[in-house]
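**Q** Submitted below is the structure of interest, expressed as structure tokens.
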Amino acid sequence: MTHDRVPSNGDVRTASDISTYLSGLKPSVRNLASAAKALARIDELGWAPLGGYCGSDVLWPVRCLVCGRTCTRFYSHLRRARPASRHPGCLPKAEHPAALAKLAERARSTCGCSVPHAITPEEVAQAFEMVAQAQLRGNAQGLVIGLDRLLTPCPATGARAVSVAAHVQATNCISDKERTSVELYLPGDRVSVKYLSKAHGPCHAYNRTVIHTKPHEQHEQQVWVNMPDDAVYGSPLQFFATSDSIALMESTPIASQSPAYLAANLAWHLAAAAPNSMRATWPHPRSNAMVKEAFTDAERAEHASIAARYIRRWRDRDPAGFSAWQDSCAPTDGV
């Protein structure tokens, strides 16, 4: 993902002041929103930043909260929970689910830090305004204070990301120019897509798989996705990365996901956690030949742990929808 970066001939002091929060990036609304989302996502996956957010495809110094080691990782990999082994020398994969479940217990909905962070929608709006005013007036200290409220680690980082996303959406404060940056996809990515169904017309399909990608000059990337059987135009179907008809299933932190995404992601992780579960792969995408590959026991345990987090979040976010799902899963008498 391409971000508007600090120019090399810019204000050196300002760039130095904000590097703790945004490494090589301007404090634009889009970069602040992307950083808040990224911090929440890596936190729920057991990573802590050791430097400012630097975009998706620049190496980011981080600490593994499972074992304590430090390394550098691309956020484009971290947000996908890749690699599954985390890094060389980490704890065995079989121990990851328990470690991540324990880390998840730290999450809070309010900030209890000695220096308070912006968590509620009102606090987030105030912090964004502080950053904007500080830039207009050349107030480096005010800028740092605003960035600190939005982009330093906090047990409520997930709740903060929700408020930041809501603020950006409600105020429509990201310009068309800033919106030109797009997600790039990798084969094997799990995505949601909008498509035309033979039976139901326009539909939204979740948990589809990216089979193949190819660079595209105008639209950044062509993406081929395996489609449901009722897709009018068959499978695989081509999408452009710039389209709003395709999105990654889990690039957004769990705390920020809609009930529909929570339900779909839960369903996928439960299926992956089941005994004898298999994943679909396309080792030769041009032939569109699917090959089933078994999950390992360690992977199944990890998916079970993630499913438990989705259950908790969906239950809190959408009690009625969660209750209806529970009822649909309940065994029927006599069966």
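The values are calculated or read from the model by the stated rules, or taken from the named source; none is laboratory data. These numbers come from a predicted model, not from an experiment. So basically every Cβ, Gly included, is an ideal-geometry build from the backbone, and we count neighbours across all protein chains shown. Note: accessible area is taken over every heavy atom of the protein model, side chains too, but ligands, DNA and RNA are not part of it. Shrake-Rupley method; radii C 1.70, N 1.55, O 1.52, S 1.80 Å.
**Q** May I ask for the distance between the Cα centers of segment 257-313 and segment 70-147, given as a whole number of Å?
**A** 26
**Q** Under the rule of at least 5 residues apart or a separate chain, name every residue whose amide H is placed under 5 Å from the amide H of Arg73.
**A** For Arg73, whose amide H was placed from the backbone, the distant partners under 5 Å are Trp60, Val62.
**Q** What distance in nm separates the simple spin-label points at Asp57 and Ala330, each placed 7 Å from Cα in the Cβ direction?
**A** 5.1
**Q** Separate question: Name the residues whose placed amide hydrogens come within less than 5 Å of the amide hydrogen of Val191, ignoring near sequence neighbours (fewer than 5 apart) on the same chain.
**A** So Val191 has HN proximity to Asn207, Arg208, Thr209, Val210, Met249.
**Q** Among the lysines, which fall within straight-line cross-link reach of Lys102, defined as a Cα-Cα distance under 26 Å, with same-chain neighbours fewer than 8 residues apart omitted?
**A** Straight-distance partners of Lys102: Lys37, Lys93.
**Q** So what are the ³J(HN,Hα) numbers for segment 200-215, from phi and the Karplus equation (6.51, -1.76, 1.60; θ = phi - 60°), rounded to whole Hz, Gly and Pro as x?
**A** 10, x, x, 9, 10, 10, 10, 6, 8, 10, 6, 9, 7, 9, 8, x
**Q** At 1.4 Å probe radius, can you tell me the per residue accessible area of the chain in Å²?
**A** Details: 17110 Å² over 335 residues.
Value for the chain: 51 Å² per residue.
**Q** With all protein chains present, how much of the accessible area of the chain (probe radius 1.4 Å) comes from carbon and sulfur, to the nearest whole percent?
**A** Values: 9290 of 17110 Å².
Looking at the chain in its full context, I get 54 percent from C and S.
**Q** Restricting the calculation to Cα positions, tell me the Rg (one decimal) and the Dmax (whole number) of segment 192-233 in Å.
**A** Answer for segment 192-233, Rg first and Dmax second: 11.7, 35 Å.
**Q** Tell me the net charge near Glu250. Cut-off is 9 Å between Cβ atoms, Glu250 excluded, with +1 for each Lys or Arg and -1 for each Asp or Glu.
**A** Within the 9 Å Cβ shell, the charges total +4.
**Q** Leu22's amide H: which non-local residues (gap 5+, or another chain) put their own amide H closer than 5 Å, with H modeled 1.01 Å from N in plane and none for Pro or chain starts?
**A** Tyr53
**Q** For the chain, what is the percent of antiparallel DSSP beta bridges, rounded to the nearest 5?
**A** 95
**Q** Testing the spin-label approximation: label points 7 Å from Cα along Cα→Cβ at Ser245 and Ser277. State their distance in nm.
**A** Inter-label distance under the simple model: 3.0 nm.
**Q** Rounded if a/c is under 1.5, else prolate if a/b is larger than b/c, else oblate: which is segment 86-126, with a ≥ b ≥ c the root eigenvalues of its Cα gyration tensor? The partial results should precede the final answer.
**A** Numbers: a/c = 3.52, a/b = 2.90, b/c = 1.22.
Prolate, because a/c is 1.5 or more and a/b exceeds b/c.
**Q** Compute log10 of I(q)/I(0) for the chain with the Debye formula, placing one identical point scatterer on every Cα and leaving out solvent, at q = 0.08, 0.09, 0.16 Å⁻¹, to two decimals.
**A** -0.41, -0.52, -1.58
**Q** Let me ask another. When we measure straight from the Cα of Lys194, which lysines land under 22 angstrom away, once same-chain ones fewer than 8 places off are left out?
**A** Here the lysines satisfying the reach criterion relative to Lys194 are Lys214.
**Q** Return the distance in nm (one decimal) between the two label points of a simple spin-label model at Leu50 and Arg317, each offset 7 Å from Cα along Cα→Cβ.
**A** Rounded to a tenth, the inter-label distance reads 3.2 nm.
**Q** Which value results for Rg/Rh of segment 206-329 when Rg is the Cα radius of gyration and Rh the Kirkwood radius based on the inverse mean 1/r? Don't skip to the answer; put the middle values down first.
**A** On the way: Rg = 16.4 Å, Rh = 16.3 Å.
Reported Rg/Rh, Kirkwood definition of Rh: 1.01.
**Q** Label segment 236-294 by shape, choosing from rounded, prolate and oblate, from the square roots a ≥ b ≥ c of the eigenvalues of the Cα gyration tensor; if a/c is under 1.5 it is rounded, and otherwise prolate applies when a/b is larger than b/c, oblate when it is not. Provide the component values of the computation, followed by the final result.
**A** Numbers: a/c = 3.15, a/b = 1.11, b/c = 2.83.
Oblate, since a/c reaches 1.5 and b/c is not below a/b.
**Q** Quick one: in segment 77-195, what % of C-alpha pairs are over 19 Å apart? The partial results should precede the final answer.
**A** Working: 4576 of 7021 pairs.
So the portion of pairs separated by more than 19 Å is 65 percent.
**Q** How large is the charge dipole for the chain, taken about the Cα centre, if only the Cβ atoms of Lys, Arg (+1) and Asp, Glu (-1) carry charge, to the nearest 20 debye?
**A** Numbers: 36 positive and 30 negative charges, 114 e Å.
Dipole magnitude for the chain comes out near 540 debye.
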